[in-house]
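S.K.: So that we are looking at the same thing, I have put the structure below in structure tokens.
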Amino acid sequence: MKLFEQNESSVRSYCRSFPVVFDQARGSELITRDGKHYIDFLAGAGTLNYGHNHPVLKQALLDYIGNDGITHGLDMYSDAKERFLETFSRLILKPRGMHDYVMQFTGPTGTNAVEAALKLARKVTGRSNIISFTNGFHGCSIGALAATGNQHHRGAAGVPLTDVSRMPYANYFGDKVNTIGMMDKLLSDPSSGIDKPAAVIVEVVQGEGGLNAASAEWVRKLEKLCRKHQMLLIVDDIQAGCGRTGSFFSFEEMGIKPDMIALSKSLSGFGLPFAMLLLRKELDQWKPGEHNGTFRGNNHAFVTAAAAIEHFWRDDEFAKSVRAKGKRIADGMNKIVRRYGPDSLFIKGRGMMIGISCPDGDTASAICRHAFEHGLVIETSGAHSEVVKCLCPLIISEAQIDKAMTILDAAFAAVMAEQTANQASKAS
């Protein structure tokens, strides 16, 4: 690791948890340069929903490059962009009754899509305040960071993070507290100190925040609240979207219509940088070039994204398989909970965005280390890094799921047994 440690910034993070040099990747596996195979339950933090080097996507990209297709074109028209626009409209938007949305291609990362959404909401409404939620994560550029709750990331800003009011997410105070009612009271009271917001930004499942999943009822009430107080509703579907929860959008079966939807991560389908903001046509009030970026049109990503949508979203078979695999993972995790901590462990999340909440971050980190030593790449999330989080590729096989659950079971067994032994030793 010496070359990396000498030449790369100390800001690197994931490599500290997985100190090996990866050389190849196929499907749901990562392979080191010395030939060791790992099942990937991280998948580029949710960027590789269709796995590593999917052959259909890879061939589409190879054919495009071999034909000298446009690589970089700012926001100019190209065959690759045209195909993506047509494919996304035909297979994603129209079947979901979303005919009145347009696509804005922002800079290449999720935080760029969030920045565009916040900026546009403020432009359209003439207000500056944004409502975001406890444990929300929206990115690390300044505007998105202001809407992010995580103290670790906020602490690196170096400037005040303003014009955001934080509200309690669903069940933040337990399932008996009506957080939407609290918000309504604050927004209705002219002396609450909450400036009238331009928009609310929300994750239907909070990825980095610890797999907190809002109910359909809570989300519908939030949309109703937005309409009552003339606030735009922005759904950050960067990690939870592109099939991760069992439908293309995480909110599909909840009966809501967001004003804007931020997408990135698995949008390209191949791990290529690509972000997009979906917005209702009436909100498209930008002047030409008013919000731009050099890399807001990754044509290679257009190619693989269109290929992914054609291959996986032509019908509902893929979504059904995701829901079935999510249940298989949940069943495996429930067995772990029953065996090693029915009073201290519990399942969080939805679909194939699921994990086990542990008593503390040290426990979760130890479990992830043990799993890695035995061939499973898996990370933590949550306010205290207390959730062992599954973000495996959606194309993973049942055999690979079962093998991963076996590794995870052994990791929980070892760590929980060690903790029990340590507690007994201290007691004596």
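S.K.: Looking only at region 1-36, how many residues end up being surrounded by 12 or more Cβ atoms within 10 Å (Cβ to Cβ), among the polar types (S, T, N, Q) and out of contact with any Asp or Glu (no Cβ under 8 Å at 6 or more places or on another chain)?
M.R.: Within region 1-36, residues that are surrounded by 12 or more Cβ atoms within 10 Å (Cβ to Cβ), among the polar types (S, T, N, Q) and out of contact with any Asp or Glu (no Cβ under 8 Å at 6 or more places or on another chain) number 1.
S.K.: Go over the candidates Gly382, Gly361, Gly355 one by one and state the one that is surrounded by 22 or more Cβ atoms within 10 Å (Cβ to Cβ), modelled with pLDDT of 95 or more and over 18 Å from Ile39 (Cα atoms).
M.R.: Gly382
S.K.: What about Val177, is it more than 26 Å from Gln285 (Cα to Cα), among the aliphatic types (A, V, I, L, M), open to solvent by 10 Å² or more (accessible area, probe 1.4 Å) and free of Cβ contacts under 8 Å to residues at least 12 places away in the same chain?
M.R.: Yes: the conditions hold for Val177.
S.K.: May I pose another question? If we scan region 53-71, do we find a residue that is within 25 Å of Met1 (Cβ to Cβ), crowded, with 17+ Cβ neighbours inside 10 Å and in contact (Cβ under 8 Å) with a residue 40 or more places away in the chain?
M.R.: Within region 53-71, not a single residue is within 25 Å of Met1 (Cβ to Cβ), crowded, with 17+ Cβ neighbours inside 10 Å and in contact (Cβ under 8 Å) with a residue 40 or more places away in the chain.
S.K.: For the condition under 15 Å from Ser28 (Cβ atoms) and either open to solvent by 10 Å² or more (accessible area, probe 1.4 Å) or modelled with pLDDT under 95 (or both), what is the one hit in Lys426, Lys348, Lys325?
M.R.: On inspection, the qualifying residue turns out to be Lys325.
S.K.: Answer yes or no: is there a residue in region 81-98 that is within 24 Å of the chain's Cα centre (by Cα), surrounded by fewer than 16 Cβ atoms within 10 Å (Cβ to Cβ) and in a loop (DSSP other than H, G, I, E, B).
M.R.: yes
S.K.: Also, I was wondering about something else. Which of the residues belonging to region 4-42 are closer than 30 Å to Ala156 by Cα, without any contact (Cβ under 8 Å) to a residue 40 or more places away in the chain and touching a strand residue (DSSP E or B) at 6+ places or on another chain (Cβ under 9 Å)?
M.R.: Passing the criteria: Val20, Val21, Phe22.
S.K.: Somewhere in region 408-419, is a residue within 27 Å of Leu267 (Cβ to Cβ) and open to solvent by 10 Å² or more (accessible area, probe 1.4 Å)?
M.R.: no
The values are calculated or read from the model by the stated rules, or taken from the named source; none is laboratory data. Just so we're clear, the structure is a prediction, and the values are computed from it rather than from any experiment. All Cβ positions, even for glycine, are placed from backbone atoms using ideal geometry, and neighbour counts span all protein chains on display. The area values use the complete protein model at the heavy-atom level, side chains included, leaving out ligands, DNA and RNA. Shrake-Rupley method; radii C 1.70, N 1.55, O 1.52, S 1.80 Å.
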